[in-house]
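Colleague: The structure's right below; bear with me while I get my questions together.
Only the coordinates and a few stated rules stand behind these numbers; no lab work does. Fair warning: this is a prediction, and the values are worked out from it, not measured in the lab. Quick reminder, even Gly has a Cβ in these numbers, built from the backbone with ideal geometry, and neighbours come from all protein chains shown.
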Amino acid sequence: TEARKLAKKNLVGNTRFEVLDLIEGGLGNRTFDVIICFEVIEHVSSGKKLISVLDRSLKNGGKLIISFPSRTFLSKIAQKSLKHFEIGYNPEDIKILLKDANLRVEKKYSYGKSILGKLVIAADFVLKKVIPILSVILFPLFYPLLILDLRLPSFGTPRGFILVLGKK
């Protein structure tokens, strides 16, 4: 319902928001031009099956935009409180899951790649667990810092990735 309210407020049409069990029920025979799957794959029991369902549901020439936390120490800590089946993934792990799919990586982005980015994401994670409202209040400060993170030198493994996959 939150996504619907946001779309209506911003006059976004031609959209549909649904909550489904993709692993068990899939999307039926429906196909889509674009599928956005943010921070989901680490929560499902089979990343390979999720990729398969999304691949079948994407029209030829369509795009799948998928994000996921990287396999890091912070992800390992978060796994316990966020009900992750997987600690995280790296782009190479996703490429292995794509082996039987008709999808290819077209673009790769990372976030939380600088020391500043890692600190901001860690602070936000702790605040969401301890004082959730403070996380909301500080979002206007955190967001520009994460934009700055894109321009700063990398330090170790990024906190997470966003891949744009194209249907062959």
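Colleague: With unit charges on the beta carbon (Lys/Arg positive, Asp/Glu negative), name the residue among THR157, ILE87, GLY61 whose Cα is farthest towards the positive pole of the charge dipole of the chain.
Modeller: Going by the charge dipole, the pick is GLY61.
Colleague: Using θ = phi - 60° and the Karplus relation 6.51 cos²θ - 1.76 cosθ + 1.60, list the HN-Hα couplings for the stretch 107-115 in order, rounded to whole Hz, with x at every Gly or Pro.
Modeller: These are the phi-based 3J(HN,Hα) values: 9, 10, 10, 10, 9, x, 9, 9, 4 Hz.
Colleague: Starting from the amide H of PHE68, placed 1.01 Å from N in the peptide plane, find each other amide H under 5 Å away whose residue is 5 or more places distant or on another chain.
Modeller: The list, which skips near neighbours in sequence, is GLU39, PHE161.
Colleague: Can I ask one more? Of the options THR15, VAL40, LEU27, report the single residue whose Cα projects farthest towards the positive end of the charge dipole of the stretch 1-51 (beta-carbon charges: Lys, Arg +1; Asp, Glu -1).
Modeller: Ranked along the dipole, the leading option is THR15.
Colleague: List the extent of the Cα atoms of the stretch 82-127 along each of their three principal axes, largest first, rounded to whole Å.
Modeller: Between the extreme Cα coordinates on each principal axis of the stretch 82-127 lie 39, 25, 12 Å.
Colleague: Dipole size in debye (nearest 20) for the stretch 71-168 around its Cα centre, Lys and Arg Cβ +1, Asp and Glu Cβ -1?
Modeller: Values: 17 positive and 7 negative charges, 34 e Å.
I would put it at about 160 debye.
Colleague: Here's something else I'd like to know. Using only Cα atoms, what Kirkwood radius does the stretch 45-168 have, in angstroms? Please report the intermediate quantities before stating the final value.
Modeller: Working: mean 1/r = 0.0636 Å⁻¹.
For the stretch 45-168, the Kirkwood estimate is 15.7 Å.
Colleague: Would you work out the relative contact order for the chain, in percent, from Cα pairs under 8 angstrom that are 6 or more residues apart?
Modeller: Once normalised by length, the contact order is 27 percent.
Colleague: Once the cut-off is 14 Å, how many percent of the Cα-Cα pairs in the stretch 101-168 end up in the long-distance tail?
Modeller: Details: 1428 of 2278 pairs.
Summing the P(r) of the stretch 101-168 above 14 Å gives 63 percent of all pairs.
Colleague: Let a ≥ b ≥ c be the square roots of the eigenvalues of the Cα gyration tensor of the stretch 1-109; is it rounded (a/c under 1.5), or, if not, prolate (a/b larger than b/c) or oblate?
Modeller: Details: a/c = 1.71, a/b = 1.25, b/c = 1.36.
Judged from the Cα gyration tensor, the stretch 1-109 comes out oblate (a/c at least 1.5, b/c at or above a/b).
Colleague: Looking at the chain, send over the antiparallel percent of its DSSP beta bridges, to the nearest 5. Kindly include the intermediate steps, with their values, before the conclusion.
Modeller: Working: 15 of 21 bridges.
Restricted to the chain, the bridges split so that about 70 percent are antiparallel.
Colleague: Could you go through the stretch 10-27 in sequence order and give the Karplus-derived ³J(HN,Hα) for each residue, using 6.51 cos²θ - 1.76 cosθ + 1.60 with θ = phi - 60°, rounded to whole Hz, and x for Gly and Pro?
Modeller: Working through the residues one at a time gives 9, 6, 8, x, 6, 10, 9, 10, 9, 10, 9, 8, 5, 6, 7, x, x, 10 Hz.
Colleague: Residues of the stretch 39-74 with backbone nitrogen within less than 16 Å of a virtual label 7 Å along the Cα-to-Cβ line of ARG104, please, listed as ranges.
Modeller: Within reach of a label on ARG104, which here means backbone N under 16 Å from a point 7 Å along Cα→Cβ, the stretch 39-74 contributes 60-64.
Colleague: What do you get when you divide the Cα radius of gyration of the stretch 1-41 by 2.2 N^0.38 Å, with N the number of residues?
Modeller: Details: Rg = 11.9 Å, N = 41, 2.2 N^0.38 = 9.0 Å.
For the stretch 1-41, the normalised Cα radius of gyration comes out at 1.32.
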